[in-house]
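Student: Below you will find the structure I want to go over with you.
Since every read-out is calculated from the coordinates, none of them should be taken as a lab result. In this text the structure is predicted, and so the values were computed from the model without any measurement. Cβ placement follows ideal geometry from the backbone for every residue including glycine, while neighbour counts extend to all protein chains displayed.
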Amino acid sequence: MELGVCVASHIGDIDYVVAAEELGFSRAWLADSQMIWSDCYATLALAAHRTERIRLGTGIAVTGTRPAPVTAAAIGTINALAPGRTFLGVGAGNTAMRIMGAPPQKIAEFDRYLESLLPLLRGEEAWLELEGESRPIRHIMPDRGFVNFDDPIPVYVSGFGPRSLGLAGRYGDGAVVPLPWNAAVMEGFWRAIEVGASAAGRSLDRDGYDTTALTTISVLDPGETADSPRIRHECGAFAMATLHYAYDQWRQFGHSPPALLADVWDDYCAMLDEVPKERLHQRIHAGHNCWVLPEEERFVTPGLIEATCLVGTRDQLLERLHELGAAGLDQLMLLPALEPRYAVLERLARDLLGPLSE
């Protein structure tokens, strides 16, 4: 089991990626959500110049906001700066699309996007549907250092359901999956990935195919609970993002909220009913994965934290991480709240990274 960091891209805080490298975290996944954070590729470029070992990539590049050639050129540029340690995480775009009031890209469109993207990442020609016409596209000046497609760029496809996980199996070198709470759930993810691979004529070796999940981790002190001020400070923003996501799923697709939100759901919806409809898409994601708005603190329950984050003593967490690894999950990317993020990384490096590497 490896631990990486998911970074709320901030052009003025490259020191955070440097700290992650120095502490021994394996990857930095820089988030791609315009209108919330800095541009992920600009931030990656600075990080590439300040680091030497940590693998750098997008977590997750959003297909609905950039055509495939734009994404290929952007990550190819980063690969010119950090050859051999650049990767591309790619997904249909939950927050990035919803912050503009739109749903994520549809599966069929995501499929076509990936089909066009992969040849471009190898420096090859791809066919792109543009203005109703299919056209051949390739980078026509790749040999003067503008981009690097010679060193492979591993692709990690994000999937929340069977169809998107199938696309991860069809196209990806790895998959970004929801956090599995037991081995049976992880096995279900693997089956969906392998069905997609098989349909494309691929045979996947589980040992050579990387799986990653997004969460955050907090180590409890003796006698501390998941509802302590420190744990709420470290995990509250990530937990709250689950409520943001559930609300969007409900309002856009009619999906029922998960049972764990039953105690707060009506109150949360009533609060958002006061927001003008034309700006509701902006309000939902305020503070997204960085901090909890004061009026939303009451929705961050111990149950929500425990259902979305990994919280426990050092020994409990090590046992849980070993269980996840044995179930077939290769890595976690961790996204603590913005203000305590440095302290969280230092605690995790001290308590977890050493034992995991033994």
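Student: Dimensions of the chain along principal axes (Cα, Å, largest first)?
Tutor: That works out to 59, 51, 41 Å along the principal axes.
Student: With everything on Cα atoms, drop me the angle between helix 107-121 and the longest principal axis of the chain, reported from 0 to 90° to the nearest 10.
Tutor: 60
Student: For the range 172-255, rounded, prolate or oblate, judged on the Cα gyration tensor with a ≥ b ≥ c (square roots of eigenvalues), a/c < 1.5 rounded, else prolate if a/b > b/c? Intermediate values should be presented prior to the final figure.
Tutor: On the way: a/c = 3.23, a/b = 1.66, b/c = 1.95.
Because a/c hits 1.5 or more and a/b fails to exceed b/c, the range 172-255 counts as oblate.
Student: For the range 243-358, just the Cα atoms, rotate onto the principal axes and tell me the three extents in Å, largest first.
Tutor: So the extents along the principal axes, rounded to whole Å, are 53, 30, 22.
Student: Please report Phe146, Phe25 as a ranked list, fewest other C-beta atoms within 10 angstrom at the top and most at the bottom.
Tutor: On the way: Phe146 12, Phe25 22.
Sorted ascending by nearby Cβ count, the order is Phe146, Phe25.
Student: Can you tell me the Rg and Dmax of the range 43-190, counting just the alpha carbons, in angstroms?
Tutor: For the range 43-190, the Cα-based Rg and Dmax read 15.7, 49 Å.
Student: Right, next: Round to a whole angstrom and tell me the spacing of the C-alpha centers of the range 293-358 and the range 77-130.
Tutor: For the range 293-358 versus the range 77-130, the Cα centre distance is 29 Å.
Student: Would you pull out the residues with amide H under 5 Å of Gly172's amide H, same chain only if 5 or more places away, H placed 1.01 Å from N?
Tutor: Residues meeting the amide H criterion: none.
Student: Over the range 229-304, one equal point on each Cα, no solvent: what is log10 I(q)/I(0) by the Debye formula at q = 0.16, 0.22, 0.24 Å⁻¹?
Tutor: At q = 0.16, 0.22, 0.24 Å⁻¹ the computed log10 ratios are -0.54, -1.05, -1.24.
Student: Based on DSSP H runs of at least 4 residues, each adding -39500 (n - 2.57), what is the mean residue ellipticity at 222 nm of the chain after dividing by all its residues, to the nearest 500 deg cm²/dmol? Could you put the intermediate results ahead of the total?
Tutor: Values: 14 runs with 152 residues, N = 358.
The per-residue figure over the chain is -13000 deg cm²/dmol.
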